[in-house]
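K.L.:
Sending over a structure as structure tokens; questions will come in a sec.
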Amino acid sequence: MTLSGHQYFHVGLMWKLIILITMPYHSRIFPEINVVYFFHYGKMEADEALKQFSDMFADPEYRVGMNLIRDTREAILPPEWDFSYFHRPLPQQVQDYWKKVSDCKLAWIHKGGGQYKIIHQAILSQRMSHNNNVERYACRTMEEVKIRLDIPLDFDISLPSS
């Protein structure tokens, strides 16, 4: 199933598509390889992962222990993300989400440079202080992700074309 980060709601008797929250991402679950793929584009919000976890847990194809791929090569990361942001105590809701994920691998694909620095800080901080049952990797290519997560190199991890 593919999920979008856009939410819509019904107003009165007429259907109106009104964007409440625009979080530029798509996700797709690949049950055959035990992976949830998050693709980010545009400007990311600092709390975007909360919405993604909610969507993921609500999806009937999601299973505890699925590996996660976060692809931010097409995204602009939040400016407030730095080591102190990631090292602060996690809100209870986030702690609960990480407990639900448990015993998996998380591969974060980045475009290098400043993104690598931010992602490395996030991974390092989370390894030291949060849910140590998640193996975390910063990767530069999808091929590296596939190797880390034991995915066949010829498997196509992409979003369906619209």
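K.L.:
Looking only at the range 29-84, count every residue that is surrounded by 19 or more Cβ atoms within 10 Å (Cβ to Cβ), of a type outside the set (Phe, Trp, Tyr) and assigned to a strand (DSSP E or B) and tell me the total.
P.N.:
The qualifying residues number 11.
K.L.:
While we're looking at this one, here's another question. Going by what's in this entry, would Glu80 be described as at pLDDT 75 or above and over 26 Å from Arg148 (Cβ atoms)?
P.N.:
yes
K.L.:
State whether one or more residues within the range 138-155 are at pLDDT below 85, closer than 15 Å to Arg70 by Cα and not in a helix (DSSP H, G or I). So that I can check it myself, show each step before the final result.
P.N.:
Narrowing the range 138-155 to residues at pLDDT below 85: none.
For the range 138-155, residues at pLDDT below 85, closer than 15 Å to Arg70 by Cα and not in a helix (DSSP H, G or I): absent.
The values are calculated or read from the model by the stated rules, or taken from the named source; none is laboratory data. In this text the structure is predicted, and so the values were computed from the model without any measurement. Every residue, glycine as well, gets a Cβ built from its backbone with ideal geometry; the counts of neighbours run over all protein chains shown.
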